[in-house]
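As structure tokens, the structure follows; a few thoughts come after it.
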Amino acid sequence: MQPTTPTPDAPGILTARQRKRLSKPENERAIIFTLAFTGLIAAFMQTLVTPIVPELPTLLNTSTSNASWVLAATLLAAAITTPIAGRLGDMFGKRRIALVLLVLLFAGSVLCALSTDVIVLIAGRALQGMGLGVIALGISILRDVLHPKRLGAAVALVSATLGIGASIGLPISALIAQNFDWHMLFWLSALLGLIAIVLMFTIVPVSTLRTGGSFDFIGAVGFAIGLIAILLAVSKGGEWGWGSPLTLGMLVGGVVVLVIWGFFELRTGNPLVDLRVAARRPVLLTNLTSITVGFGFFATAAILPQLLESPTTTGVGLGQTLLIASLCLMPSGLVMFFMSPVAARLIATRGPRTSLILGGVIIFLGYAFAVGFMTQVWNAILVATIVGFGVGFAYAAMPTLIMRAVPATETAAANGLNSVMRSLGSTIAAAVLGLILSGSVVVSDGHAIPTAGAFQLCFAIAGAVALAGVIAAFFLPRLEAGSETASIPVVAAKEPALS
């Protein structure tokens, strides 16, 4: 007899091996720690090379344009692979795919640690970027294996690791880059990646919840081509020229490819992304709001370091070193960590919609304060901290909203798409704010420094985007406070091998 085809509503047949697995008591605290730790490591890859970016052309004997791909490759790889990894996780086991991503992260770290050529370094950074998909997979694993009473706080913590890892990792990277050979950054990431692999394999249980069907290779390729084109146009538009044929061609071509991809996805039996589910009001509005939150979070990394590190001779800059500037941003990540249980309690009592709206309002207030107060170091620290509070509430709410709106067998793919929306917001922030800061400058000691007006305009735009996210969140349907995520049936995979 053929195994029962898994569906979101009907359980499948459990094998003897799976029944034995499910009979073992799981250490839920250890599972939460492991998934949060792996999320932190993956997020750390975003800011790993930030301190050495200005020196890369000299270190690698290459151009500034080529060196910029060391950052761009990570972003592109993460945006493309996260939803694909989510779909594969739903089909073949989330832990199995998470382990694959961690192995790729480890391999990329070793490749970067051994590199002396920019091409090799870019390839390694792309592999590291693929590891960011473990955050979305980790959130979905939590839904599969945790008791509902623990789920809210655990989801809030793992979701926040995307911001926590980037904020805390920046001063660590700066400290290593200033005192050791730059290759040590990647040996550290390789060691952390290896630890994550061991913890994931030994502590996180196998999920028996699977979805049927075959993998949508055509959809994956179409999604990758369209997304790469758009992200390249947005991230490189300032360098290529916003009106250049290359930028416009990439942007228009990417949109056209994604439109065609959308029609294909609606007509295929096993789509990479179920667009009918993605078009549901809770999912669509949550993803749109995620873009604004991603914009608001990245704006601190785009604006504050330049403000802190600019020389005081301009009358605007605060004259701090890279390490001090990184430490000033660190409270943003710390408050995300400490606020995750508070956000979880708010979600349990008032619902995720309230948490998302509150997060957006706090982000808006942080940037509204920054417009008028940016002349002291403590001003920058306070702005980063306020924004961290807001992002913590928002990041905790978004996975809960997504998981309440999609079938249990599609959580990894849906969370993966939501992560892409956050990354898209960060990419747009980098492009828009970078264009403003580079377009209005004064010259000091041969260096072009953004003007006070440019900084204020960036803060105002970041606040306006956050406010737009609040407005979108108000249209989310009200869910009963404290209601649990949809019940999760235990579904057997067609191949019950270890994953």
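Scoring Leu251 on the criteria (1) buried (at least 17 other Cβ atoms within 10 Å of the Cβ); (2) over 21 Å from the mean Cα position of the chain (by Cα); (3) more than 25 Å from Thr50 (Cα to Cα); (4) at pLDDT below 90 leaves a single failure, condition (4). Contact map, the range 106-118: first residue farther than 17 Å from Gly131 by Cα, second residue of a type in the set (S, T, N, Q) and in a loop (DSSP other than H, G, I, E, B), Cβ cut-off under 6 Å, separation 6 or more or different chains; pairs are Val118/Thr62.
If you take the residues in the range 61-73 that are of a type in the set (Gly, Ala, Ser) and surrounded by fewer than 16 Cβ atoms within 10 Å (Cβ to Cβ), which one is nearest to Leu329 (Cα to Cα)? This residue is Ser65. Filtering the range 114-152 to residues that are open to solvent by less than 30 Å² (accessible area, probe 1.4 Å) and of a type in the set (S, T, N, Q) leaves Ser115, Gln128, Ser140.
Across the range 236-266, the qualifying residues are those that are part of a helix (DSSP H, G or I) and among the small types (Gly, Ala, Ser), and the one among them that is farthest from Ala429 (Cα to Cα) is Gly262. Selection within the range 83-97: residues that are open to solvent by less than 10 Å² (accessible area, probe 1.4 Å) and within 18 Å of the chain's Cα centre (by Cα). The member of this set that is nearest to Cys112 (Cα to Cα) is Ala85.
For the condition open to solvent by 40 Å² or more (accessible area, probe 1.4 Å) and outside any helix (DSSP H, G or I), Thr375 qualifies.
Of the candidates Ala344, Ala384, Ala412, Ala325, the single residue that is open to solvent by less than 20 Å² (accessible area, probe 1.4 Å), part of a helix (DSSP H, G or I) and modelled with pLDDT of 90 or more is Ala384. Among the residues of the range 393-422, those that are over 15 Å from the mean Cα position of the chain (by Cα) and of a type in the set (Gly, Ala, Ser) comprise Ala405, Ala408. Taking the conditions (1) free of Cβ contacts under 8 Å to residues at least 60 places away in the same chain; (2) open to solvent by less than 10 Å² (accessible area, probe 1.4 Å) in turn, Ile471 satisfies each one other than (2).
Assess whether Ala448 counts as being at pLDDT below 85 and buried (at least 18 other Cβ atoms within 10 Å of the Cβ). Against the criterion (at pLDDT below 85 and buried (at least 18 other Cβ atoms within 10 Å of the Cβ)), Ala448 does not qualify.
Scan the range 300-322 for residues that are open to solvent by 40 Å² or more (accessible area, probe 1.4 Å) and within 24 Å of the chain's Cα centre (by Cα) and the total you get is 3.
The values are calculated or read from the model by the stated rules, or taken from the named source; none is laboratory data. None of these values were measured; they are calculated from a predicted model. Using ideal geometry, Cβ is built from the backbone for each residue, glycine included, and neighbour counts are taken over all protein chains shown. Note: areas computed on protein heavy atoms with side chains; ligands, DNA, RNA excluded. Shrake-Rupley method; radii C 1.70, N 1.55, O 1.52, S 1.80 Å.
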